[in-house]
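Take a look at the structure below.
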Amino acid sequence: MDLFGNNGIGTNAKVKLKNLDLPDAQVCLYENFFSEEESEFLFKQLATTIKWEQKQIKLFGKLIAQPRLTAFYGDAHKNYTYSGLLWEAKAWTEELLMIKLRIEEVCKESFTSVLMNYYRYGEDSMGWHADDEKELGSNPIIASISFGETRSFQMRHRHNKEIEKLSIQLTNGSLLLMTGSTQHFWQHQIPKSSKCLNPRINLTFRQIKN
Ligand SMILES: O=C(O)CCC(=O)C(=O)O
Ligand SMILES: [Mn+2]
C-alpha cells in the first residue's frame, strides 16, 4: 500500500474533526484520520513488528504486571520516566515514522517519541493519570492514534468535581489531540470492560524536552 502517496494527509474524505468544548482543556478528535484500509494494514504491522513487553510496576509495595503490553520508540537518547519505569527509546520503524509524519503535518508540531499500548482484550486497561511528566514540558502536546477495537477514553477534571466525567469513543484510525492546559486540569483512563473485546493498539506521540 502507498502510505505516502495517494493516501496522504487530507485525502481520506471521511476525516471528521470535533473540537471538544471542555473547560481548562484543548482537546480535538479526528475520526477516520487513517482510512479503514490503512488502519487495518497498520494494526497488523504494529502488532507483529513492535517489541511488545508486559512490564511490572510497583503498587503499594508489591510488584504487579501491567494490564496491557507496552513499548517505547523514538529519537535516540530521549529517555522517559513513566509509571516509575525508565524507558529507553528503541529506534523508529518505517511505519511509526510514516504515522509520525502524517500527524506532524496536521499538528504543525514535531514529536521525538511514541509510547505504545497494546490492549489484548476487554480486561486490559490503563488507570487514571495525566501525561504531565516534567520531560514533556509545561504544556504537553499528546497526539494519540488508535487502531483496532473501539475503547472508551474517559476524562475527569482534577479539581472541579461539579464537571461530569466524560467518555470519548476512540475508534479505529482516530486521532485525539490534547494540548494547552489539558494535562494540568484533567486526568484520563481506559477502563476495563467485561465485554469480549478485540485487541486495540494505541500510540501516543510525545515531545521529550530533555
Ligand atoms: O490507550 C489510550 O487511549 C490512552 C493511552 C494513554 O493515556 C497513555 O499512553 O498515556
Ligand atoms: Mn495518558
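The values are calculated or read from the model by the stated rules, or taken from the named source; none is laboratory data. Keep in mind the model is a prediction, meaning the values are calculated, not measured. FYI the Cβ positions are ideal-geometry reconstructions off the backbone, even for glycines, and counts take in every protein chain you see.
Scanning region 36-60 for residues that are small (Gly, Ala, Ser) and either within 16 Å of residue 93 (Cα to Cα) or in a loop (DSSP other than H, G, I, E, B) (or both) gives a single hit, 47.
Each row is one residue, and each column tells you yes or no for (1) closer than 26 Å to residue 47 by Cβ; (2) in contact with a Gly (Cβ under 7 Å, 6 or more places away or on another chain); (3) more than 13 Å from ligand 2 (Cβ to nearest atom).
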position: 127; (1), (2), (3): yes, no, no
position: 160; (1), (2), (3): no, no, yes
position: 169; (1), (2), (3): yes, no, yes
position: 185; (1), (2), (3): no, no, yes
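Out of the residues in region 187-210 that are in contact with an Asp or Glu (Cβ under 9 Å, 6 or more places away or on another chain) and farther than 20 Å from residue 33 by Cβ, which is farthest from ligand 2 (Cβ to nearest atom)? Looking at residues that are in contact with an Asp or Glu (Cβ under 9 Å, 6 or more places away or on another chain) and farther than 20 Å from residue 33 by Cβ, I get 194.
Quick test of your reading of the structure: residue 124 fulfils all but one of (1) of a type outside the set (Gly, Ala, Ser); (2) more than 10 Å from ligand 1 (Cβ to nearest atom); (3) under 17 Å from the mean Cα position of the chain (by Cα); (4) more than 26 Å from residue 105 (Cβ to Cβ). Name the failing condition by number. If we test residue 124 against (1) of a type outside the set (Gly, Ala, Ser); (2) more than 10 Å from ligand 1 (Cβ to nearest atom); (3) under 17 Å from the mean Cα position of the chain (by Cα); (4) more than 26 Å from residue 105 (Cβ to Cβ), just (2) comes out false.
State whether one or more residues within region 131-138 are over 13 Å from the mean Cα position of the chain (by Cα), under 18 Å from residue 26 (Cβ atoms) and in a helix (DSSP H, G or I).
Within region 131-138, one or more residues are over 13 Å from the mean Cα position of the chain (by Cα), under 18 Å from residue 26 (Cβ atoms) and in a helix (DSSP H, G or I).
Can you spot a residue in region 120-127 that is within 12 Å of residue 206 (Cβ to Cβ) and assigned to a loop (DSSP other than H, G, I, E, B)? No, region 120-127 contains no residue that is within 12 Å of residue 206 (Cβ to Cβ) and assigned to a loop (DSSP other than H, G, I, E, B). Does region 102-113 include one or more residues that are within 16 Å of ligand 2 (Cβ to nearest atom), of a type in the set (S, T, N, Q) and either over 25 Å from residue 51 (Cα atoms) or crowded, with 22+ Cβ neighbours inside 10 Å (or both)? Within region 102-113 (the criterion being within 16 Å of ligand 2 (Cβ to nearest atom), of a type in the set (S, T, N, Q) and either over 25 Å from residue 51 (Cα atoms) or crowded, with 22+ Cβ neighbours inside 10 Å (or both)), the answer is yes, since at least one residue qualifies.
Can you pull out every residue in region 139-170 that is buried (at least 17 other Cβ atoms within 10 Å of the Cβ) and of a type in the set (Lys, Arg)? Of everything in region 139-170, just one residue is buried (at least 17 other Cβ atoms within 10 Å of the Cβ) and of a type in the set (Lys, Arg), namely 151.
The residue list 152, 167, 113, 146 contains one member that is over 24 Å from residue 57 (Cβ atoms) and not basic (Lys, Arg), which is 167.
For region 101-113, the criterion of being within 13 Å of ligand 1 (Cβ to nearest atom), over 21 Å from residue 178 (Cα atoms) and either modelled with pLDDT of 95 or more or part of a strand (DSSP E or B) (or both) is met by none of the residues.
Any chance region 38-47 includes a residue that's acidic (Asp, Glu), farther than 20 Å from residue 178 by Cβ and surrounded by fewer than 16 Cβ atoms within 10 Å (Cβ to Cβ)?
no
Across region 171-183, the number of residues qualifying as of a type outside the set (A, V, I, L, M, F, W, C), within 14 Å of ligand 2 (Cβ to nearest atom) and crowded, with 23+ Cβ neighbours inside 10 Å comes to 2.
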